[in-house]
Structures are given as structure tokens and as C-alpha cells.
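A short worksheet on the structure shown next.
The values are calculated or read from the model by the stated rules, or taken from the named source; none is laboratory data. Not measured: the values here are computed from a predicted model. Backbone-built Cβ (ideal geometry, glycine too); neighbour counts: all protein chains shown. Note: accessible area is taken over every heavy atom of the protein model, side chains too, but ligands, DNA and RNA are not part of it. Shrake-Rupley method; radii C 1.70, N 1.55, O 1.52, S 1.80 Å.
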Amino acid sequence: MFEVWFNLADYGWNPYAIPPFVVGLVSFALGAAVCVREKGSKISLLFFLMTTTTAIWLLGYSVVFCAINEITATRWAVLTNSAVTFLPTTVYVFTLAAVGRSSQYRITALLSLLTSIAFCAALIFTHSFMTGLYHYSWGYYSRFGWVSALFLVFFFGILLESLRLFLGEYKRLIHSTKKQRMKRLLVAFCIGYLGSMDYLAAYGIPVYPAGYLPVFAFLMMVGRAIAVYRLIDITPSFAAEQIIKTMADALLVIDRSGVVRVANQAALDLFQHNEIKLIGGNIMITGIDLFKKDRLARLIVTDSVQNNEITYQHPNKGKLILEISTSVIRDAKAHGLAVVFIAKDVTARKKADQALRESEIHYRLLAENVSDVIWTMNTDLKFTYMSPSIERLTGYKVEEAMALSLEKTIAAGSLKEVLNAIAQEFAPENRKAASKFQSRTIQLEYLCKKGNMVWTEVQITFLRREDGRVMEILGVTRDITERRKAEEAVRESERCYAELVQQAPDPIITLDRLGYLQSMNPAAELALGYGSPELIGKHFAKTGVVGPDSVAKTLQEFTLTILGWQRPPFELQVIRKDSIVLTMEAHPKLIRRDKESFRVQVIFRDITERKRIEQELLSA
């Protein structure tokens, strides 16, 4: 059988066969590509059937053109024209699917199919459809008989009906993607139908069958239309099944008798377990109170959507809280047919809400009882929250304080500083560099209700959105009046002490924690012969003031003093700038400000004369 059809000796080279062969391949490839792209949908399969029929027609005639004898050409011509007899039906069925009329015209489509079968039978079993072949300059071609005339009436009638359906659907649609697709398909089919010029040669008119050209144009236009607008419209009915499958909430459809007709995967996971088969079973066995028989009957006659919360005892997960919505499916006479039931497990959310409420109560309790003032402000610089401790700080009640502007809350001297800080944080150039919870700490004078002022330390945190813009300001204000008084007292004491040091008759120097000279009083300058600028900033062991024999002892005593030991006075040799050597008694003392800031103060007493007298007495 294969040798009969594909004996290479029966075929020869014919350049006229190339164009229809190429267009036939393109037709088949386009149909297959659309079928894959549209995931084998019904309309894509019908499109593939239409393009495959077209491909058989064009590919078959390209083989007929290459045949070198009439027997081979006749064999292929019968096969090719068999496909042609079904071409009107495939076009019509695709048209009905494209305009959404398949159900309405299914009988007409069936009659069209039966007619195609009848013409195909006449072609194969009689000589009334194709009586033989013509031999033109481009090769063999079919010779049509009287039955073919009836086929052409059928062919053009179907084509015109398809155009009518396309045009009617185009006019019916308002501006939409489907309207644009319908327009392109209408134009494409109008051009493609020009391929019927190939019938001229079948009736003895020697016109080269170039019908592949409008068919090629048709394929390109349809391919473009499908690429841009697709064949399938995303409608509610089309998307419904996938929506139901992907819903995270449980969905049930329950008929009047309580039988579950539809259940998505979420519903199966929630309600179906070892003892219960959900779909096809009665909803009463799930134990949901809402579906007791009397309540289900009431739901059926309800017009509006019902929202409730119910408790469901799951055999494995325990007590669950379900948030449910129910609505009724009705027929054309408004009779209730079924109840649509959507359930969402909100157990975790309810627990989180409860935890949040408890947390809010806890933090509000802290905010209302802490001595610091906690406040929030919007981007318009209006207070949105103020803790009750504001009354202890300024004398204003919460409502009074929140109603005040910044100008009436902060003293003029401090207002400029806080406004500058806010302006810098609000500046667009600082958005990317700023952290999400960037804060500043500044000291401000608050105005009190009685007219006095209090010093406060305010930590301002700027809460930002993802793009860096400030969305809210959070502040914590602390009364530091007493602290500032204490700091001022310390500063005053230090000033007094510094004056005493400067006026003391004994030389006094100050060393930092590493031994570098920080200060020296006038008596020290006089005793050593050096001015302060000559020694300050230098390490005491490298100044040349401490005699070589006293360096080790001095370093030892300095180290022990830094470690906090109480050291007795010690003697050392001191070399003046004029090279005179003095014997001095050093009294080191550790002076602390805090854990990180401390220094060593050394008071010297010149005992050179006393040592000389003691030496003379010993010598006598």
C-alpha cells in the first residue's frame, strides 16, 4: 500500500507545487501552536481541525502537481477533495464556537456535517463529483462534475452564513477585546474565502490555482489576532472552576435536602475525615449547627447574603471558629435550589485579635502610669495621642495638651531646634538614608499651664513607610529639671575647684588615664620653669621633667592610682627647665566623674631645702 502511494518513480519536480506545500505546512503548524497555547480548549481544537483540513487540501494538491501520471494524480486528487468536502463544516463549527452560538445552532452544525459526509461519499464512490483530471501547464488538476455544482452552493452558503455570524457578533459587541478579535477574524475570513478561486480550474478555466495566497494572508491575520487577543475570553463562567479550586476558603453547594453537591479542596480538608465522605453525603453529619434541618430550610427562603460566626468541633484540630457566608441559588421562578456556603477558619485570627487587645490594654496601662510623657503626632504636627502623665509635667489635662500647637507647647528658644530636626527628617533627600525607626534626642523647654517652664529630654522617633516618607512621629518626654540643676551644681563646683587649683601655692598637675598632661597651675609653671603649652599633651615620663632615677617609681605609682589604690605620698627627682634638680613630694589622687571618665591629679610639694638640712644634720 505504501509503495502504491509513495513510489518516487510516479513523481517529478514541479516548482508550482512549492507555494501550496509551504502554506499547507504553515496552516498545520499554526493550528497546532494555537492548540498548545490555548491548552487544548474546545475552540482551539476546532481551529486546529479547520487548519488541518486546509493543510490537507493544499498539501494534497502540491502532490497532485508533482504526479507524472494520471493514475497517481487521481488517487491524490480524491484524497485532497475529500478534505475539501469537510472544509465548509469545519469553518462553520469554528465560527459558531468563536461567536458563542454552538448550542443554539448545534442542529444546523450537525446537518452541515451530514452534508459534507454525503458529498465525500459521492466523491469516493461515484464519478458524479469528480469526473477525471485536467492536465494544465502547472500539472494535473481535478475535473468537477454536476454534483460539485451542488457542493459549491453548499460551500458558498456556509461561508456566507459564517460571515453573517461574524458580522452580527461584531455589531452586537461594545468596545472590548472580544470585539477587536471579532473584527480581525471577520476581515481574515473575508480574505481567506478568496481562495475559492481555485474552483475555476476545476471547470476547465485555465487559471493557475493561486488560492494559497489569500489563505496564507488569512493564516497570518488569524495568527496575529490570536496572539494579541487569544481565542478564549476570561469570563466568570470560564474562570469559575479554577477560582473554586484555588480558593483558600472552604466552599460547599448544598441542595434543599442537605446533600453536598459541590465541595472544593479547602472544604474537603476542613470537613472531610475518616468517618465522613463529604460530596454526595448529607451536610447534617458534619455536626455544624447552622445546617440543622430547620435552619437550612430558613436559609433556602432567605433573599440576602448571611454572615455568621460558628463554632465547629473538628475531630483532629479541636474547637475551630468559622466565619461563614451563605447565599441561595435560585431558578428562573425564584425558587430556592441550593445554598452556597463559604467558610473561613478564623481561629488563629481570633486568637491573634485577643492577644492584640490584651497587649493594647497592657501597653496603655504602662503609658498611663509611667512618669514619662508618651505622645504621637501626625505629619501635620497635630497631636494624636498624649499619655495622662502630661498633667504632672505641665499642668494641662490630656485634652487641653492635645489641642495646643507646638508654639504653645514648647518655649520659643527650643521651638526652632525641634522644627529644624523635623524639617531635616521630612526632607526628600534624607528618605533613602534614614532607617525605618530613626530617632533623635534633644533637650527642650516646655511651657506649663501656670506660666513657668520645665526642662525636658525628648526622644523623637520618626516612623516611616517603605518608601522612606515619614508617616507618624512618636515622642517620649522626660522631666530633667532636677538633673539639670544637679549638672549645673556640678559645673559650679568644678569652676570653684578650678579657681582654687589656679590660686593654690603648691604645684598641681592633671594627667589623663594614659598619663598625658592635661593641665598645670601657675605654681607648677613657676616651680618647673616651663609654660603650660610646652608640656600639655605630652606623656609625663617623656617630658624630661621626671628625673631618670624616678621614672620607674613614678610610673608604678601612677598605675596603682589609676587602678584605684589609695597611695601615700612618694618622693621623686624633678628637673627644671634650667636643669636645676629639685626633690619633690608627690600626692597622687584619682578623680572620677563616671565609669568612663576619670583622671589623676598630683599635688607637689618642694622638699629640696628640707632634704638638704636633713643631710647636713646627718653629716654633723
**Request:** Quick one: TYR136 ticks every box in (1) in contact (Cβ under 8 Å) with a residue 24 or more places away in the chain; (2) open to solvent by less than 30 Å² (accessible area, probe 1.4 Å) except a single one, so which number is it?
**Result:** (2)
**Item:** Flag if VAL23 is within 28 Å of GLY139 (Cβ to Cβ), among the aliphatic types (A, V, I, L, M) and at pLDDT below 85
**Value:** no
**Criterion: farther than 22 Å from PHE28 by Cα, in contact with a helix residue (DSSP H, G or I) (Cβ under 6 Å, 6 or more places away or on another chain) and either β-branched (Val, Ile, Thr) or in contact (Cβ under 8 Å) with a residue 12 or more places away in the chain (or both) - qualifying residue of LEU165, LEU152, LEU186** = LEU165
**Complete:** Listed by range, helices (runs of 4 or more DSSP H) wholly within segment 391-508 having at least 1 residues that are closer than 30 Å to GLY529 by Cα and of a type outside the set (Val, Ile, Thr) are 481-503
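Residues checked against (1) farther than 22 Å from ASP198 by Cα; (2) open to solvent by 30 Å² or more (accessible area, probe 1.4 Å):
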| residue | (1), (2) |
| --- | --- |
| TRP5 | yes, yes |
| ASN14 | no, no |
| ALA17 | no, no |
| PHE21 | no, yes |
| LEU25 | no, yes |
| LYS39 | yes, yes |
**Prompt:** Regarding THR561, is this residue in contact with a Pro (Cβ under 6 Å, 6 or more places away or on another chain), of a type in the set (S, T, N, Q) and open to solvent by less than 20 Å² (accessible area, probe 1.4 Å)?
**Reply:** yes
**Flag if ARG513 is more than 18 Å from VAL600 (Cα to Cα) and either open to solvent by 20 Å² or more (accessible area, probe 1.4 Å) or at pLDDT below 90 (or both)** = no
**Complete:** Per the filter on segment 253-267, residues assigned to a loop (DSSP other than H, G, I, E, B), surrounded by fewer than 17 Cβ atoms within 10 Å (Cβ to Cβ) and either at pLDDT 80 or above or small (Gly, Ala, Ser) (or both) are SER257
**Message:** Give me the residue from segment 568-603 that is touching a Ser or Thr at 6+ places or on another chain (Cβ under 6 Å) and open to solvent by 60 Å² or more (accessible area, probe 1.4 Å) and, out of that set, nearest to LEU514 (Cα to Cα).
**Reply:** ARG599
**Asked** ARG440 is checked against (1) open to solvent by 90 Å² or more (accessible area, probe 1.4 Å); (2) without any contact (Cβ under 8 Å) to a residue 60 or more places away in the chain; (3) of a type in the set (D, E, K, R); (4) closer than 20 Å to ILE374 by Cα and fails just one. What number does that condition carry?
**Response** (1)
**Message:** Suppose the filter is assigned to a helix (DSSP H, G or I), modelled with pLDDT under 90, open to solvent by less than 70 Å² (accessible area, probe 1.4 Å) and touching a Phe, Trp or Tyr at 6+ places or on another chain (Cβ under 9 Å); does ALA523 pass it?
**Reply:** no
**Message:** surrounded by fewer than 15 Cβ atoms within 10 Å (Cβ to Cβ) and more than 30 Å from TRP375 (Cβ to Cβ): which single residue out of LYS485, LYS538 fits that description?
**Reply:** LYS538
**Members of segment 307-366 that are under 27 Å from VAL260 (Cα atoms), surrounded by 14 or more Cβ atoms within 10 Å (Cβ to Cβ) and of a type in the set (D, E, K, R)** = GLU323, LYS344, ASP345
**Prompt:** Within segment 604-611, can one find any residue that is open to solvent by 50 Å² or more (accessible area, probe 1.4 Å), of a type outside the set (A, V, I, L, M), modelled with pLDDT under 90 and in contact with a Pro (Cβ under 6 Å, 6 or more places away or on another chain)?
**Reply:** no
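The rows are residues; the columns are (1) of a type in the set (Gly, Ala, Ser); (2) in a helix (DSSP H, G or I).
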{"residue": "LEU96", "(1), (2)": "no, yes"}
{"residue": "ILE107", "(1), (2)": "no, yes"}
{"residue": "SER112", "(1), (2)": "yes, yes"}
{"residue": "HIS127", "(1), (2)": "no, no"}
{"residue": "SER148", "(1), (2)": "yes, yes"}
{"residue": "LYS171", "(1), (2)": "no, yes"}
{"residue": "VAL187", "(1), (2)": "no, yes"}
{"residue": "GLY192", "(1), (2)": "yes, yes"}
**Message:** Give me the residue from segment 369-387 that is modelled with pLDDT of 85 or more and out of contact with any strand residue (DSSP E or B) (no Cβ under 9 Å at 6 or more places or on another chain) and, out of that set, surrounded by the most Cβ atoms within 10 Å (Cβ to Cβ).
**Reply:** LYS382
**Message:** I want to confirm something. Restricting to segment 94-119 and keeping residues that are among the β-branched types (Val, Ile, Thr) and at pLDDT 90 or above, which single residue is surrounded by the fewest Cβ atoms within 10 Å (Cβ to Cβ)?
**Reply:** ILE107
**Prompt:** Where residues in segment 146-193 are of a type in the set (D, E, K, R) and open to solvent by less than 20 Å² (accessible area, probe 1.4 Å), which of them is nearest to THR51 (Cα to Cα)?
**Reply:** ARG181
**Item:** Meets criteria (open to solvent by less than 30 Å² (accessible area, probe 1.4 Å), part of a helix (DSSP H, G or I) and closer than 30 Å to HIS135 by Cβ) for GLY60
**Value:** yes
**Complete:** Those residues of segment 320-357 which are touching a helix residue (DSSP H, G or I) at 6+ places or on another chain (Cβ under 7 Å) and polar (S, T, N, Q) amount to THR326
